[in-house]
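The next block holds one structure in the form of structure tokens; read it before the comments.
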Amino acid sequence: MTPDDPCPADLPDPCLPATLPPVPAPRAPEPPAPSARHERLLREIEQLRERLQQWQQCESRYHERIARELQPEIRRWCDRLRELALRMEGALFLDPPPGKPIGRAAQRRAAEWMLSLAEAVLVERPDDAEMLALRARHQEDVAPPLDAGDEDDPGHEAGAQAPADDPDDGLEPWEREAERRRAQAEASRRTARKGRKDQAERERRERHAGRGASAGTASLREVFRRLASRLHPDREPDAAERVRKTALMQQVNEAYAAGDLLALLALQRLHLPEPVAQAAAAPLATSANDIEAALQVQRERLQAEIDEMVRRFAVLRPDLPARADTVTPQLVETLLGTEIRELRARSTALERDLGWCRDRETVGAWLRAFG
């Protein structure tokens, strides 16, 4: 054998194939297929997220319209109520208009209406000194209801008509508005009491559910800790990478605060090194019940947020249906739009009445029409 001849150990073994197949790397266990309950919880969570977003957008638009449209209309309406009440007081008690006297029946009814105007202003502006003084001056001036003999009052004109009453309740628009505001305040108090009871009941249910969902909470906490240990910016020496990890940790903290296990798992899959993410998925693959428990907690939390927003609107709007499941953001915005339009219409009607009261030549005929 020469030095250039191959060593027997270097010769191929005729019993082995010329090439050996690569040895496959060990794979992480595959997670089990999601159960029907798991899929249902995912769908419900997605639907609740959409509903919550709709309510949040509705709340923002609602308060914006209150400030931009409703409050200016309320101020405009109250200003006209005040002016009309003061002009009626002047014509009825301080400086009667020229011409035919105002009859007793017309004067009594006009005085009642004047007081209802003042009451409507005081519902919105309880400290209005002029309206408080007007009410104090004339509460005793309003006589008992007319009897049949008052039909012969010289101020009663056969064809005269007072401003139109509502055929259903017999109240003036201003009285109805004042009554609505009083009912709104009472409903707010009732809803607040109910909200406190519901809060106590919800806390009791959450304490009870917490015992069953402890495993799901543990899964949530485990994923959070794993992400925090890998992504915390304080442990990163590179400045650019520290900025990136700061943004990621903000997402992690928000998902953990919301109890959003799905978001944490997505962050783990996207931003942890693949071997780490696969190793992390292995124990979770055997804890489907834990994950479903965490999803159930997340679903209940989203539903509780929606219920709380509905309760807040129930305080703001006593005209909402009693059944909370029938209340929608679209209904809330529709009712607000209707309220704004009706308030504008009432202000326009008041402006017409003020046109009569501002002219001493026409205010007498306008007041006699109350008879």
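Structural remarks
- Of the trypsin sites (Lys or Arg not before Pro) found in the range 336-371, those in coil by DSSP whose Cβ has at most 12 other Cβ atoms within 10 Å are R358.
- Centre-to-centre, using Cα atoms only, the range 50-100 and the range 223-267 are separated by 51 Å.
- Theoretical gain in end-to-end length, R75 to D359 [0.36 nm per residue, Cα-Cα removed]: 99.9 nm
Computed from the coordinates by the stated procedures, all read-outs in this text should not be read as laboratory data. Note that the coordinates shown come from a computational prediction; the quantities given were computed from them, not determined experimentally. Counting neighbours? That spans all protein chains shown, and the Cβs are built from the backbone with ideal geometry, glycine included.
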